[in-house]
Each structure stands twice: as C-alpha cells, then as structure tokens.
Amino acid sequence: METKKTRRKRRGERVAGNAFMDTVRPAFIRWLALEKWREVEDLRATLGFDLEQALEEAGQFPGRGRYHRLWVEQWKAEVCSEATGTDSGGIFAAIERATAAAIRDEESERRLQGDRPLEEDPEYKAFVDCNLERLLRQGDLGINE
C-alpha cells in the first residue's frame with residue numbers, strides 16, 4: 001500500500017509536468033502581440049508609414065477568418081486609442097491587451113458557433129509544437145534524468 005508521501009510525490013510530478021501547458025496560452029498571446037508589434041514597426045521602417053497609418057494597416061486580421069471582425073474591434077478599442085503616444089512600450093502593451101481580449105472573444109464565439117476550440121487551431125498547434133520541441137532540445141523537461 002502506498003503512503004501519503006508517495007502519492008503526494010507522484011501528484012507533484014504530474015502537476016509539475018503540466019507547467020508547460022499552463023504557460024502556453026499567455027505565451028501564445030504574447031507571441032501574437034509581438035508579431036503584430038513587429039508588423040507595425042516594419043510598416044513604419046519599410047514603407048515610411050507614420051504610427052497612425054501603421055496601426056491602421058496592421059489592424060486588419062485576414063488570417064483570423066470569420067473571427068477577424070472581433071479582432072478588428074479589439075484593435076480599434078485598445079490600440080488605436082494609443083496612437084497618440086509614441087512610447088513603444090505603451091503601444092506594445094495596448095497590442096497585447098487587444099490580443100488577449102480578441103482571443104477571449106474568439107474563444108467565446110467559437111463555443112457559440114460550435115466550432116473547434118482554439119487549441120485545435122493550426123496556428124496554436126504550430127506554436128505549441130515549435131516551443132515544445134525547443135524545450136525538449138534544451139533538456140528542460142528532465143527527460144535525461
């Protein structure tokens with residue numbers, strides 16, 4: 001018969017094993033926001049757009065399919081209001097807020113529509129696969145112990 005200590009240790013290992021999945025959603029949001037921020041900066045650097053033009057152009061989300069309307073609404077509500085400031089950190093924070101809110105709205109809409117969850121979205125899966133592979137290569141999961 002197992003002792004309480006043994007059971008607790010096994011549970012602790014199981015919970016620690018989920019630590020990666022617990023951080024995936026916030027990391028995915030941060031990654032999407034960073035990609036949009038880079039898009040804004042690229043538009044400014046390569047096409048000479050001013051900040052407002054770059055934000056307007058980057059505020060299109062054709063890759064979000066039928067949910068792009070939700071993304072555009074959040075972008076306008078969170079990011080376009082920051083266009084008056086030139087602080088890159090403030091703009092990135094607004095992009096990150098808009099991204100988090102858009103993900104939340106998209107997930108709600110997906111549930112209402114009976115669509116597959118975000119975790120089954122190819123972009124999300126690719127993000128998880130890429131980063132999990134990186135962790136495995138670095139040996140951060142303790143596989144070799």
Check your understanding: Of ALA98, ALA126, ALA93, which residue is in contact with a Phe, Trp or Tyr (Cβ under 6 Å, 6 or more places away or on another chain) and either basic (Lys, Arg) or closer than 17 Å to ILE29 by Cβ (or both)?
Key -> ALA98
Practice item. Filter the stretch 33-82 down to residues that are in contact (Cβ under 8 Å) with a residue 40 or more places away in the chain and of a type in the set (Ser, Thr, Tyr), then give me how many there are. Key: 1
Review point. Has the stretch 61-76 got at least one residue that is at pLDDT 90 or above and of a type in the set (Val, Ile, Thr)?
Key: yes
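The values are calculated or read from the model by the stated rules, or taken from the named source; none is laboratory data. Every value quoted in this text rests on a predicted model; they were computed, and no experiment measured them. Positions of Cβ are generated from backbone atoms using ideal geometry, with glycine treated the same way; all protein chains shown enter the neighbour counts.
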